[in-house]
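Below is one structure, written out as structure tokens, with a few remarks after it.
Please treat every number below as a calculation from the coordinates, not as lab data. Worth saying up front: this structure is predicted, and the values here are computed from it rather than measured. We place every Cβ from the backbone using ideal geometry, glycine too, and count neighbours over all the protein chains shown.
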Amino acid sequence: MERTLVLLKPDCLQRRLVGRMISRFEEKGLHLLALKMLHITPDLAKKHYAEHVDKPFYPGLEAFITSAPVIAIVVEGLEAIRVVREMLGATSGLKANPGTIRGDFSSSRQMNLVHASDGANAAAREIDLYFQPAEICSYSLALAPWSRAIDE
């Protein structure tokens, strides 16, 4: 099992797509372990996007991500990092395939609705940025035996 961080970005909330996004993750069989709404501060944005802070596009990225609340989610599942990123599609909604979240709901590179960690190290770092260990609620799903084989 893997865990990853998903952020439903300000445009997702402003467009009232939160429920639809969460439904897609649940319908895929991913397990929601933590969820909260928050305003990302400029300081948190700098920590989250540390690799981009010195790039020319960073000021616009920070202005966008701090412009309205986000929903932070810890998702767990088999190959969750890859699965979630494939569900999102290409970064630019204009290049994302139909059937992906961005392909179906976005037509922008920056306003692309959802962020997801791009690897195991990023997932661990990003989950720690947004959640205290006590905020992550592990539990067993009664329907798990009907979602995957026992040896998966």
Taking region 88-105 as the region of interest, how many residues are surrounded by 20 or more Cβ atoms within 10 Å (Cβ to Cβ) and in contact with a Ser or Thr (Cβ under 8 Å, 6 or more places away or on another chain)? 5
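When residues of region 63-77 are filtered for being closer than 17 Å to VAL6 by Cα and not in a strand (DSSP E or B), how many remain?
So the answer is 5.
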Would you be able to tell me the number of residues in region 1-28 that are assigned to a strand (DSSP E or B) and farther than 20 Å from GLY77 by Cβ? 0
Flagged in region 48-61 as crowded, with 16+ Cβ neighbours inside 10 Å and either polar (S, T, N, Q) or farther than 15 Å from LEU129 by Cβ (or both), in numbering order, are LEU61
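Name every residue in region 29-56 that is in contact (Cβ under 8 Å) with a residue 40 or more places away in the chain and outside any helix (DSSP H, G or I), in order of residue number.
GLY29, LEU30, HIS31, LEU32, LEU33, ALA34, LYS36, LEU38
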Pick from LEU32, LEU8: which is surrounded by 17 or more Cβ atoms within 10 Å (Cβ to Cβ) and within 15 Å of the chain's Cα centre (by Cα)? LEU8
When residues of region 69-104 are filtered for being in contact (Cβ under 8 Å) with a residue 60 or more places away in the chain and either among the polar types (S, T, N, Q) or touching a Lys or Arg at 6+ places or on another chain (Cβ under 8 Å) (or both), how many remain? 11
Within region 1-51, tally of residues that are out of contact with any Asp or Glu (no Cβ under 6 Å at 6 or more places or on another chain) and of a type in the set (Gly, Ala, Ser): 4
